[in-house]
1. Determine the gain in length on full extension of the stretch residue 66-residue 37; use 0.36 nm per residue of separation and subtract their C-alpha separation, reporting nm with one decimal.
2. Excluding residue 44 itself, what net charge comes from residues whose Cβ is under 15 Å from its Cβ, given Lys and Arg +1 and Asp and Glu -1?
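Each reported figure results from applying straightforward, stated rules to the coordinates on display, with no laboratory input. Being a predicted model, the structure only gives us computed values, none of them experimental. Ideal geometry is used to build each Cβ from the backbone, glycine not excepted, and the neighbour counts take in all protein chains shown.
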Amino acid sequence: MPQTCYVTFEVHKRGTLPKRRSPRETRTFESEAEARAFAREKFNEGLIVFAGTLNPFLPRRLIPSSDIPSWIEQDRGGEVGGHDDKREPEK
């Protein structure tokens with residue numbers, strides 16, 4: 001199954017490093033539920049977390065760190081795109 005979601009989180013600096021590295025790490029997931037579970041784990045560790053969808057999956061979605069708490073608590077039944085994507089047209 002293709003990877004559809006990603007979670008990016010800050011990496012704690014541990015000791016002196018021999019070379020410079022990125023302050024963030026990214027992991028990819030096959031489902032939004034897996035990404036949410038991982039994001040919840042990192043968020044509960046006190047890390048700054050971002051998430052989103054990978055190309056070419058639509059709708060593209062970015063969850064900034066300020067929205068992570070509400071995103072990880074959303075209903076687990078919804079997949080990528082959320083509940084608002086299938087609204088009925090206004091009459």
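1. On the way: separation 29, 0.36 × 29 = 10.44 nm, distance 1.71 nm.
Going from the current span to full extension adds 8.7 nm.
2. Values: positive: 36, 40, 42; negative: 10, 41, 45, 73.
Here the count lands on -1.
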